[in-house]
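Below is one structure, written out as structure tokens; the observations come after it.
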Amino acid sequence: MRLLLSDQPSYGELPRSKFSLAPTESALLQNTSDAVDLEILPSDAEVTIKVYYGNNDDLAEVNLDELLEPGDPLWPDKLKTKGELGKPQGAYAVDTIGVPFDNPYRALMFFSGLDFFSNGDAAVCTLHGDVWLVSGINNKLEHVTWKRYATGLHQPLGLRIVEDKTYVLGRDQITCLHDRNGDGEADFYENFNNDGQTSTSGHDYASCLETDAEGNFYYIRAHEGVVRVSPDGKYHTTIATGFRNPIGLGVGKNGVITAAPQEGNWTPASSIIEVQNGGYYGYPGPRVSKQRPLGYDPPLCWIPRLQDSSSGGQVWVESGGRWGPLEGHMLNLSYGQCRMMLVLREQVNGVAQGGTVRFPFQFQSGIMRGRFNPRDGQLYVCGMRGWQTSGLKNGCLQRVRYTGGELHMATKLKVLSDGLQIEFSQVLNKALATDPKRYAVSQWNYRYTADYGSLEYCVSNPEQEGHDQVDVLSAELLGDGKTVQLKLSEVRPVMQMKVEYDLEPEDTTPEPSAFDHVTAIKSLGPEDMDKGKELYAKFCASCHGQQGDLTLNPLARRFASDELKFGADPYSLWKTTSYGNGLMFRWDTVLSATQCYQLVHYIREEFIKKNNPEQYFQIDDDYFKKLPAITATDAKRETEKQKANTGE
């Protein structure tokens, strides 16, 4: 056991008095720059240790019991915010809990973990070391109160409440926070377990904090893997390894443990992994054996970049039936695209496989953690903005509320020897559901290499980039009216299969006026330059650098010096920005068509024209003649984004 004894703040060069120790073999004192490290040595017998404080000629005995008594509150302010109820989007609505970004402590609100007390109040932790208590979480969210509960924790990325005790996972340890005098502030930070090893490496963070039915704790760290800590904190065991820079983990009451690594070296794409004891999942390189011929254990599913570029944690729907028809299903949270997916999971001969389906809504920041509130049975998510996320705010705390409306999405998947069986949440239109032309199926593989991520390769020709189309030979609607059985031209092991369908009646809503690319480019001016600068700083600089000359992502383009391999003219850059290409993230889910042109305009004029003139495309009348015709699809997207931005 160690105690730091200090008579001053841990900064400045102020003179201080001395601590000293009465002669003993049970403890050691060691001076540091601004404090004294008191180490109490292990002993089977009860020992008495005397610590003295003062100058050599005037020593006074220190009463440690008195020093350990809680003091006055350090953060007495109770900050008031108001929530905003979202409009229903089918079966669910996304409500936003107001966050006190402007607070007396100038604390940053990059949320990294949350959980609930038995009374329905929440505790949330922030990347920068705080824990906040949040009360007033009710149906209307009109009077939400925030109070700072703890601070000084080391980059916490997980929080769990067990029997109304708050446990927080930092880079250094799991800390149990105690409020011994009931004033709403933690006054004892207990080291619950610090057996995990950390370093100064940027990716050496520990993430998530979950528990199983037996009370064991779980977290994940790149070099440690998935770690189990016993309920009493005494035992620390790695159960699986091979995860690249993970920030996502999940543990269900059914005992299933899942993890989500980050795409990169030896990790060809995002994925959800169903963790097995002794499993190895590929990073930092193959470990080939008779039982592991690929060099790694395959995931539950790979997730294509356009679906999710960076996964957070997984959450099991455990709401007592209060969150609609998805009880018992797994959800995957997307930090990269600020979205949530339903995981369609099946087991074949004891091996799990599956896929993901997006929910229609988007969150304000890169969501990483989710919990169901035991009081109202609704899902709450939190997240933050940072590396490669489309998040608009530094942090968010939002609620996904079941409205009682009808859910329209695929909910179950089964692979057959000659096709697929897909169950939907609602009764389908038979004429549409049995029309094979209403479905499109494609498949592809990735390459497991030391390169950063992987391109997508044809299954039929592994050397060729692209997808193979799979013919839908027939579509049968089964007796429940909800399940479709597709007969395919082939079924074979692949890393990725994409199933698209259009089972909704034709939309009779008039299409918006078509989007004119020529007019959009010609109209770009100084005001668009300013807006593009703001968008670049918010969405692009974290990969391409503030000045377009530094790639913080190994494969990102340096606009100020590199060749732009997907085209340097405005329309080509717009397409790449909007819909992605190769490893490039797509932004059409976040930005309107006009905003993408504003972004392109800023990149061309500020970085390419000034510093990389060989890549600066000169526009003339012939160029405009070659642009595609005006499109209703882009116009529809423009209208949808404008409505989203104005809250219509």
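The values are calculated or read from the model by the stated rules, or taken from the named source; none is laboratory data. Here the structure is a predicted model, which is why all the values come from computation and not from measurement. In this analysis, Cβ positions are derived from the backbone assuming ideal geometry, glycine residues included, and neighbour counts consider all displayed protein chains. All accessible areas refer to the heavy atoms of the entire protein, side chains included, with ligands and DNA or RNA removed. Shrake-Rupley method; radii C 1.70, N 1.55, O 1.52, S 1.80 Å.
Data table
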item: Qualifying positions in the stretch 238-271 - more than 16 Å from Ser334 (Cα to Cα), of a type in the set (Val, Ile, Thr) and not in a strand (DSSP E or B); result: Val256
item: Qualifying residue in the stretch 454-475 (condition: over 30 Å from Glu263 (Cα atoms), touching a residue at least 24 places away in the same chain (Cβ under 8 Å) and open to solvent by less than 30 Å² (accessible area, probe 1.4 Å)); result: yes
item: Residue within the stretch 424-446 that is among the aromatic types (Phe, Trp, Tyr), in contact (Cβ under 8 Å) with a residue 60 or more places away in the chain, open to solvent by 40 Å² or more (accessible area, probe 1.4 Å) and under 18 Å from Trp302 (Cβ atoms) present; result: no
item: Strands (runs of 3 or more DSSP E) wholly inside the stretch 331-422 containing at least 2 residues that are small (Gly, Ala, Ser); result: 351-358, 366-372
item: Restricting the stretch 603-620 to residues that are assigned to a helix (DSSP H, G or I) and of a type in the set (Val, Ile, Thr), the residue that is surrounded by the most Cβ atoms within 10 Å (Cβ to Cβ); result: Ile603
item: Strands (runs of 3 or more DSSP E) contained in the stretch 141-237 and holding at least 2 residues out of contact with any helix residue (DSSP H, G or I) (no Cβ under 9 Å at 6 or more places or on another chain), closer than 28 Å to Arg106 by Cβ and not basic (Lys, Arg); result: 144-150, 158-162, 165-169, 174-178, 188-193, 206-211
item: Extreme residue, surrounded by the most Cβ atoms within 10 Å (Cβ to Cβ), among residues of the stretch 124-148 that are among the aliphatic types (A, V, I, L, M) and under 16 Å from Gly86 (Cα atoms); result: Ile137
item: Close pairs from the stretch 231-251: first over 16 Å from Met368 (Cβ atoms), partner of a type in the set (Gly, Ala, Ser) and modelled with pLDDT of 95 or more, Cβ under 6 Å, at least 6 apart; result: Pro231/Gly215; Thr238/Gly225; Ala240/Gly225; Ala240/Gly279; Thr241/Gly225; Gly242/Gly282
item: Some residue of the stretch 149-157 being within 20 Å of the chain's Cα centre (by Cα), open to solvent by less than 40 Å² (accessible area, probe 1.4 Å), modelled with pLDDT of 95 or more and on the phi < 0 side of the Ramachandran plot; result: yes
item: Count of residues meeting criterion [touching a residue at least 60 places away in the same chain (Cβ under 8 Å) and either open to solvent by 10 Å² or more (accessible area, probe 1.4 Å) or within 23 Å of the chain's Cα centre (by Cα) (or both)] in the stretch 583-602; result: 11
item: Residues being part of a loop (DSSP other than H, G, I, E, B), modelled with pLDDT under 85 and not charged (D, E, K, R) - total across the stretch 501-520; result: 7
item: The stretch 374-419 - residue that is open to solvent by 20 Å² or more (accessible area, probe 1.4 Å) and of a type in the set (Lys, Arg) and, of those, nearest to Thr356 (Cα to Cα); result: Lys412
item: Unique residue being more than 28 Å from the chain's Cα centre (by Cα) and free of Cβ contacts under 8 Å to residues at least 60 places away in the same chain when the list is Glu606, Glu614; result: Glu614
item: Members of the stretch 221-267 that are hydrophobic (A, V, I, L, M, F, W, C), in contact with an Asp or Glu (Cβ under 8 Å, 6 or more places away or on another chain) and surrounded by fewer than 18 Cβ atoms within 10 Å (Cβ to Cβ); result: Val256
item: Answer residue from the stretch 47-67, given it is hydroxyl-bearing (Ser, Thr, Tyr) and within 11 Å of Ser20 (Cα to Cα) and is modelled with the highest pLDDT among those; result: Tyr52
item: Subset of the stretch 189-216 that is in contact with a strand residue (DSSP E or B) (Cβ under 7 Å, 6 or more places away or on another chain) and without any contact (Cβ under 8 Å) to a residue 24 or more places away in the chain - its residue that is least open to solvent (accessible area, probe 1.4 Å); result: Asn216
item: Inter-residue pairs, beta-carbon under 7 Å, first within 16 Å of Tyr53 (Cα to Cα) and in the stretch 21-40, second of a type in the set (Lys, Arg) and modelled with pLDDT of 80 or more, 6+ apart; result: Ala22/Lys50
item: Selection count where residues are open to solvent by less than 50 Å² (accessible area, probe 1.4 Å), of a type in the set (A, V, I, L, M) and under 24 Å from the mean Cα position of the chain (by Cα), scope the stretch 63-117; result: 8
item: In the stretch 340-351, the residues that are open to solvent by 10 Å² or more (accessible area, probe 1.4 Å) and either free of Cβ contacts under 8 Å to residues at least 40 places away in the same chain or in contact with a Pro (Cβ under 9 Å, 6 or more places away or on another chain) (or both); result: Gln347, Asn349, Gly350, Val351
item: In the stretch 268-279, the residues that are over 22 Å from Arg160 (Cβ atoms) and open to solvent by less than 20 Å² (accessible area, probe 1.4 Å); result: Pro268, Ala269, Ser270, Ser271, Gly279
item: Lone qualifier among Leu294, Leu326, Leu331 - being of a type in the set (A, V, I, L, M), over 18 Å from the mean Cα position of the chain (by Cα) and open to solvent by less than 20 Å² (accessible area, probe 1.4 Å); result: Leu326
item: Residue that is farthest from Ala410 (Cα to Cα) [pool: residues in the stretch 481-497 that are under 29 Å from the mean Cα position of the chain (by Cα) and in contact (Cβ under 8 Å) with a residue 60 or more places away in the chain]; result: Met495
item: Flag for Gly282 being part of a loop (DSSP other than H, G, I, E, B), touching a Pro at 6+ places or on another chain (Cβ under 6 Å), at pLDDT 95 or above and surrounded by 14 or more Cβ atoms within 10 Å (Cβ to Cβ); result: no
item: Single residue of the stretch 541-570 satisfying the filter (touching a His at 6+ places or on another chain (Cβ under 9 Å) and open to solvent by 30 Å² or more (accessible area, probe 1.4 Å)) that is modelled with the lowest pLDDT; result: Leu552
item: Given (1) closer than 22 Å to Pro299 by Cβ; (2) in contact (Cβ under 8 Å) with a residue 60 or more places away in the chain; (3) open to solvent by 70 Å² or more (accessible area, probe 1.4 Å), index of the condition Lys533 fails; result: (1)
item: Selection count where residues are free of Cβ contacts under 8 Å to residues at least 40 places away in the same chain and either more than 19 Å from Pro284 (Cα to Cα) or small (Gly, Ala, Ser) (or both), scope the stretch 217-230; result: 4
